1. Could you please let me know if VAL16 is in contact with a Cys (Cβ under 7 Å, 6 or more places away or on another chain) and either among the β-branched types (Val, Ile, Thr) or in contact (Cβ under 8 Å) with a residue 60 or more places away in the chain (or both)?
2. Within the range 1-60, restricting attention to residues that are surrounded by fewer than 16 Cβ atoms within 10 Å (Cβ to Cβ) and of a type in the set (S, T, N, Q), which residue is nearest to the chain's Cα centre (by Cα)?
3. Quick one: HIS69 ticks every box in (1) at pLDDT below 95; (2) within 13 Å of HIS7 (Cα to Cα) bar one, so which box is it?
4. Just checking: which of the strands (runs of 3 or more DSSP E) contained wholly in the range 1-84 hold 1 or more residues that are within 26 Å of CYS103 (Cα to Cα)?
5. Based on this model, can you work out whether GLY23 counts as without any contact (Cβ under 8 Å) to a residue 12 or more places away in the chain and touching a Ser or Thr at 6+ places or on another chain (Cβ under 7 Å)?
Amino acid sequence: MGIRKMHIKREDRVVVLSGKDRGKIGRVLAVFPVTNRILVERVNLMKHHSRRRDQRQQGGIVEREVSIHASNVMLICPRCNRQARTYRKKLETGFRVRVCRKCQEVVENQ
């Protein structure tokens, strides 16, 4: 089993399609292609209880983002500002880019 191609990349804006955070919009912080999961800013928050390690550090309850499956999010096109499916297209220069199916614009983040 190899690393899968992901339809979502880091720094993309996405909308959550299912789960307890359905409808929320966030920025992708990290992508994990091996497990097909992504980490979205301020989505799927869980409480983590941290212990104090030494005198200077403070313990307590911290809220952190937990990864969600990539199939539960959809990319928001930066051009038309709507959620849209994408397809891959090869340019004359040889680069493969993602293209929005609604507005036919390249959605790669520079």
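The values are calculated or read from the model by the stated rules, or taken from the named source; none is laboratory data. Please read these numbers as outputs of a predicted model, since none were measured by experiment. Quick reminder, even Gly has a Cβ in these numbers, built from the backbone with ideal geometry, and neighbours come from all protein chains shown.
1. Details: in contact with a Cys (Cβ under 7 Å, 6 or more places away or on another chain): no; either among the β-branched types (Val, Ile, Thr) or in contact (Cβ under 8 Å) with a residue 60 or more places away in the chain (or both): yes.
Considered against the rule, which asks whether it is in contact with a Cys (Cβ under 7 Å, 6 or more places away or on another chain) and either among the β-branched types (Val, Ile, Thr) or in contact (Cβ under 8 Å) with a residue 60 or more places away in the chain (or both), VAL16 comes out as no.
2. Ranking the candidates gives ASN36 first.
3. The number of the failed condition is (1).
4. Values: elements: 13-16, 25-32, 37-40, 45-50, 60-65, 73-75.
Where strands (runs of 3 or more DSSP E) fall fully within the range 1-84 and carry at least 1 residues being within 26 Å of CYS103 (Cα to Cα), they are 13-16, 25-32, 37-40, 73-75.
5. Details: without any contact (Cβ under 8 Å) to a residue 12 or more places away in the chain: yes; touching a Ser or Thr at 6+ places or on another chain (Cβ under 7 Å): no.
Considered against the rule, which asks whether it is without any contact (Cβ under 8 Å) to a residue 12 or more places away in the chain and touching a Ser or Thr at 6+ places or on another chain (Cβ under 7 Å), GLY23 comes out as no.
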